[in-house]
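Working notes for the structure below.
The values are calculated or read from the model by the stated rules, or taken from the named source; none is laboratory data. Quick caveat, the model's predicted, so the values are computed rather than measured. All Cβ positions, glycine included, derive from the backbone under ideal geometry; neighbour counts span all protein chains shown. Please note that ligands, DNA and RNA were not included when accessible areas were found on the heavy atoms of the full protein model with its side chains. Shrake-Rupley method; radii C 1.70, N 1.55, O 1.52, S 1.80 Å.
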Amino acid sequence: MHPEKTKHAFEPKIIAFVCTWCTYAGADLAGTSRMQYPANVRVLKFPCTGRIDPVFILKAFQQGADGVLVSGCHPGDCHYIAGNFHARRRFAAFRKLLEFVGVDLGRLQFSWVSAAEGGKWVEMVTGLTERVRLMGPMQEFKELALEEQWSGAINTPELQEAYNSI
Amino acid sequence: MQLYISEKNLKALLDRLIADGMRVVAPRMDAGTPLYGPLTDSAGIVLDQLPRRSAKEAFFPLCEDIMSYEKQGRKVSLTDIDPAGFPETVLVGVRPCDAAAIPVLDAVFSWDYKDEFFLERRRKTTIVGLACTKADDACFCTAVGLSPANPKGSDLFLTPLEGGGYACETFTEKGEALVNANRELFAEPNGSTALPLAEPQTERFDLKKVKAWLDGHFEDPAWDSIAVRCVGCGACAFLCPACHCFDIVDEGTEKAGKRRKNWDACGFWKFTHHASGHNPRDLQPKRYRNRIMHKFKYYDDKFGQTLCSGCGRCIRFCPVGIDIAAIVSEISKK
Amino acid sequence: MHDNPIDTSIYAAVTEAIQGEARRILSEGHVAAVVGYAAARRKGSAQPVVVTRADDAGKLIFSAACVNNLAVYLTKARKEIPKSGKIGIVVKGCDLKALVGLMGESQLKREELYLIGVPCAGVLASTIQPDTALTAGTIAPKCRECDAHLPTGCDFVPARQPVTPELEKHYSAEIARLEAMTPAERWAYWKGQFKKCIKCYACRQVCPFCFCEQCLCDRNKPQMVETTPRPAGNFAWHIVRAMHLAGRCAGCAECERVCPMDIPLNLLNRKMAKELKELYDYEAGFEVREKGPLATYDEKDDQSFIK
Ligand code: SF4
Ligand code: SF4
Ligand code: SF4
Ligand code: SF4
């Protein structure tokens, strides 16, 4: 049975970068077990968390994500032995960098979710979605994308209008 | 037309123009760096130092959209940017080296193809030049036939006076129109003398001789010793008031995006890199050679002008201390 | 006091010693070339030079205007430097850290280099006006917190002791100032700085560690970073740059010195260095290490940020 869906004024866009062996399988399990979780999340599957370049996270925010979830196998369970250990250091550094340039880390969640943890997957996705919903849309990168250098800016009302209409 | 304007009235003029909806572009501090940009009021103007980037960006932005595309189902719609919408602008406080480079750029942007993005901004902009009373040993306008008081490229030219204010001379209809519309802010010349102008360089390059040497020395061991230190960045070209190379890129997603035009530089390895993987300018000395050749030979061959006005920015900001004035001086003595 | 002079009197003797050593190793055939500094036209200026003949060794100098990290000539510009035989190179302590890092990354071999170390009291923050006296106000910010005034492990170091007064630290103070801000304030600060960037890539081109044949930020298939110098593309470029240098940057601060738009680039690199020191106790130094902090791991690494 589908529970009544509550309507929200703001539906955050969440991008999840997951490894295929553990978290993707965990999400799959959640699906086949008919567990409910917010439809806000779009899942992108990678061979390993070691393949998830920080630039993907950056790109996700630039393309309009309000929150990002990165998830893979628990330490010791990596299909490629140490991919997640390397990833762990890289993400630890990257989140410090994002924080330093002014990104609120509440929008970025890392987790280990195994193939058997369908429930944990639901918990992660729900938690991040609800948290980001309270934070509101990620404006910073969107505003940045609309900004131009003064010299190239189109700032007459007519042009702006023509531009906005497309 | 020769007149006088006090510092106070110059600011009043700018504030009036801004209030009337005119875009007033002038040097101001931007996050700690002197750069040209639109003023919100005259108080922000910075006239005592050469802006870091040249005035060319008022006509040739470092990045501008020229078209946008959007895909809806099978339909693709394209929208051109119409230069007719560019704002009327007054560009104030332009140093002689920056102003002189603008007519040099006119030649290339209205040659085989009329670049309406450049030309429309050019038509809509009135340039107020300003003489220099300070120079350092990187300045060399005098060596390339200009001077700290040369009004080339200015519609209206200001010369700072002893005891404050500026002597103001108009050189074009645009300049006269600006003065006439605000005539009461200007007074008759009051007889005070101009502040001593800067004397950047005593040397005068023999540009004919330089070109003659370049004509015959495309291959020469000198290029290696000059450019072995060049690291291949774009600082020199991007700060240069006369460099005008650009790149066109499409950016966006498959659904929607923009076609953009942004500055490019012959110092970059990618500048001549072919899709095949071949690069005719495979080593840095060949790229640096192009910089000198284009400025002192090719541009002269094509347009009878020199693509350098001696502002010295590339000398001051070259990461590895390459000094174009020293190089040209050496060539002129060969 | 800001105009307190820094004692650079040893630089004359250092210059002489560099010349003598370069002359010797070139004439005895130990090296094919020496990469060093030479005086240039502007008063007080210096520029990198490659000397291949013993007769030219007299061109070499050391002064407060010898700001460049010459290590860059051993990686990126390698094709332009004569390749055969050993290369001699003049290095300050901070430059040496970069060379050591490059050896760790298998870009250079110690046995192919002849290192001429410089006892260094500091260099200028900027050479826009090279004829500037070295003072507590004009010294490079990196020199204010330098722990490498005397390089070690070189083949030759002139026997001089630089006088190095205690100066107020710049980067640590700036990092602390930014850390104390709210995320929104930090965002606004960096946005204002990055907006100025013109993508001249001087910062990348002078960095000894940016030796990729093709930078990720130049690629367009796929395009991970907008190549246009718009605020959005600039922001992305700077995040990628800082991340790619994390755990590798040796702190020479060349990136920041050359930026024509005065963007405090090294702040980002030093912030990353600080975090990696705290997390994994790693620091750039004089000892060649096979793997940087982000090229290795420990099973017991902190994972308190992972749920
Ligand atoms: S010197 Fe180079 S960057 Fe400048 S206009 Fe000529 S080709 Fe373009
Ligand atoms: S950081 Fe140290 S070694 Fe490097 S230039 Fe400054 S004082 Fe010299
Ligand atoms: S040197 Fe400065 S302006 Fe040039 S690309 Fe780097 S940050 Fe941007
Ligand atoms: S990032 Fe800057 S400080 Fe670090 S090694 Fe590169 S140029 Fe030097």
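Put simply, of B:238, B:268 the only residue that is in contact with a strand residue (DSSP E or B) (Cβ under 6 Å, 6 or more places away or on another chain), touching a residue at least 24 places away in the same chain (Cβ under 8 Å) and within 13 Å of ligand 1 (Cβ to nearest atom) is B:238. The condition of being farther than 25 Å from residue B:299 by Cβ, more than 9 Å from every other protein chain (Cβ to nearest Cβ) and not aliphatic (A, V, I, L, M) does not hold for residue B:281.
Taking the conditions exactly as written (open to solvent by 40 Å² or more (accessible area, probe 1.4 Å) and either in contact with a helix residue (DSSP H, G or I) (Cβ under 8 Å, 6 or more places away or on another chain) or basic (Lys, Arg) (or both)), does residue C:42 satisfy them or not? Show your work before the answer.
Values: open to solvent by 40 Å² or more (accessible area, probe 1.4 Å): no; either in contact with a helix residue (DSSP H, G or I) (Cβ under 8 Å, 6 or more places away or on another chain) or basic (Lys, Arg) (or both): yes.
Judged against the criteria, residue C:42 is not a match.
Filtered by the rule that a residue be surrounded by fewer than 18 Cβ atoms within 10 Å (Cβ to Cβ) and under 27 Å from the mean Cα position of the chain (by Cα), region B:260-276 gives B:270, B:272, B:273.
For residue B:20, the test of being at pLDDT 95 or above and not β-branched (Val, Ile, Thr) is failed. The set of residues in region C:221-271 being among the basic types (Lys, Arg) and near ligand 4 (Cβ under 9 Å from one of its atoms) consists of C:241, C:248, C:257, C:270.
For the criterion of being more than 14 Å from every other protein chain (Cβ to nearest Cβ) and open to solvent by 40 Å² or more (accessible area, probe 1.4 Å), residue B:190 passes.
If you scan region B:62-104, which residues turn out to be within 11 Å of chain A (Cβ to nearest Cβ), open to solvent by 30 Å² or more (accessible area, probe 1.4 Å), without any contact (Cβ under 8 Å) to a residue 40 or more places away in the chain and outside any helix (DSSP H, G or I)? Residues satisfying the conditions are B:72, B:77, B:78, B:79, B:80, B:82.
Considering the conditions (1) among the polar types (S, T, N, Q); (2) buried (at least 19 other Cβ atoms within 10 Å of the Cβ); (3) more than 20 Å from residue B:105 (Cβ to Cβ), residue B:54 is excluded by exactly one of them, (3). Before we move on, is residue C:271 away from ligand 2 (no atom under 16 Å from the Cβ), within 19 Å of residue A:94 (Cβ to Cβ) and within 8 Å of another protein chain (Cβ to nearest Cβ)? Yes: the conditions hold for residue C:271.
Which of the residues that make up region B:277-298 are more than 9 Å from ligand 1 (Cβ to nearest atom) and either closer than 16 Å to residue C:213 by Cα or open to solvent by less than 50 Å² (accessible area, probe 1.4 Å) (or both)? It would help to see each step written out before you state the result.
Residues of region B:277-298 that are more than 9 Å from ligand 1 (Cβ to nearest atom), as a first pass: B:277-286, B:288-289, B:296-297.
B:277, B:278, B:279, B:281, B:282, B:283, B:284, B:285, B:288, B:289, B:296, B:297, listed by residue number.
If the condition is being modelled with pLDDT of 95 or more, surrounded by 20 or more Cβ atoms within 10 Å (Cβ to Cβ), more than 16 Å from ligand 1 (Cβ to nearest atom) and among the aliphatic types (A, V, I, L, M), then region C:182-235 contributes only C:206. When residue C:232 is tested against (1) within 11 Å of ligand 3 (Cβ to nearest atom); (2) in a helix (DSSP H, G or I); (3) within 10 Å of chain B (Cβ to nearest Cβ), only condition (1) is not met.
The single condition among (1) within 19 Å of the chain's Cα centre (by Cα); (2) facing chain C (nearest Cβ under 8 Å) that residue B:314 does not meet is (2).
Within region C:83-95, residues that are within 14 Å of chain B (Cβ to nearest Cβ) and away from ligand 4 (no atom under 13 Å from the Cβ) sit with their Cβ atoms under 8 Å from residues that are open to solvent by 20 Å² or more (accessible area, probe 1.4 Å) and in a strand (DSSP E or B), at 6+ positions apart or across chains, in these pairs: C:87/C:114; C:89/C:114.
When the residues of region B:32-57 are narrowed to those that are in contact with a Cys (Cβ under 9 Å, 6 or more places away or on another chain) and assigned to a loop (DSSP other than H, G, I, E, B), which ends up modelled with the lowest pLDDT?
Step one: of region B:32-57, the residues in contact with a Cys (Cβ under 9 Å, 6 or more places away or on another chain) are B:50, B:54, B:56.
Then keep just the ones that are assigned to a loop (DSSP other than H, G, I, E, B); that gives B:50, B:54.
On the way: B:50: 94, B:54: 97.
That would be B:50.
Annotation note: Cβ proximity below 6 Å between a residue of region C:51-75 that is farther than 14 Å from residue C:206 by Cβ and a residue that is among the polar types (S, T, N, Q) and assigned to a loop (DSSP other than H, G, I, E, B) (sequence gap 6+ or interchain) occurs for C:64/C:8; C:65/C:45; C:65/C:127. When the residues of region C:142-180 are filtered to those that are open to solvent by less than 50 Å² (accessible area, probe 1.4 Å), farther than 17 Å from residue C:10 by Cβ and away from every other protein chain (no Cβ under 14 Å), the one that is nearest to ligand 4 (Cβ to nearest atom) is C:142. Close contacts from region A:79-90, counting a first residue that is farther than 17 Å from residue C:307 by Cβ and open to solvent by 60 Å² or more (accessible area, probe 1.4 Å) and a second that is among the hydrophobic types (A, V, I, L, M, F, W, C) and assigned to a loop (DSSP other than H, G, I, E, B), with Cβ to Cβ under 6 Å and a gap of 6+ residues or different chains, come to A:79/A:21; A:80/A:48. Among the residues making up region B:149-173, those that are within 16 Å of residue B:102 (Cα to Cα) and surrounded by 19 or more Cβ atoms within 10 Å (Cβ to Cβ) are B:150, B:151, B:152, B:153, B:154, B:155, B:156, B:157.
Yes/no per residue for (1) more than 16 Å from the chain's Cα centre (by Cα); (2) basic (Lys, Arg):
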position	(1), (2)
A:14	no, no
A:19	no, no
A:25	yes, no
A:36	yes, no
A:45	no, yes
A:49	no, no
A:54	no, no
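Picking from residues in region C:244-299 that are free of Cβ contacts under 8 Å to residues at least 40 places away in the same chain and of a type in the set (S, T, N, Q), the one that is nearest to residue C:105 (Cα to Cα) is C:296. Taking region C:181-220 as the range and being more than 16 Å from ligand 4 (Cβ to nearest atom) and of a type in the set (Lys, Arg) as the test, the residues that pass are C:186, C:191, C:195, C:196, C:199, C:219.
Among the residues of region A:50-82, just one is within 9 Å of chain C (Cβ to nearest Cβ) and among the basic types (Lys, Arg), namely A:59.
Among the residues that make up region B:223-246, is at least one of them assigned to a loop (DSSP other than H, G, I, E, B) and acidic (Asp, Glu)? Steps first, answer last, please.
Our first condition is that a residue be assigned to a loop (DSSP other than H, G, I, E, B); within region B:223-246, this holds for B:228-234, B:240-245.
From what is left, the residues that are acidic (Asp, Glu) are none.
Among the residues of region B:223-246, not one is assigned to a loop (DSSP other than H, G, I, E, B) and acidic (Asp, Glu), which makes the answer no.
Anything in region C:5-29 that is open to solvent by 40 Å² or more (accessible area, probe 1.4 Å) and in contact with a strand residue (DSSP E or B) (Cβ under 6 Å, 6 or more places away or on another chain)? List them, or say none.
So the first thing to find is which residues in region C:5-29 are open to solvent by 40 Å² or more (accessible area, probe 1.4 Å), and the list is C:5, C:7-9, C:12, C:16, C:23-24, C:27-29.
Residue satisfying the conditions is C:5 alone.
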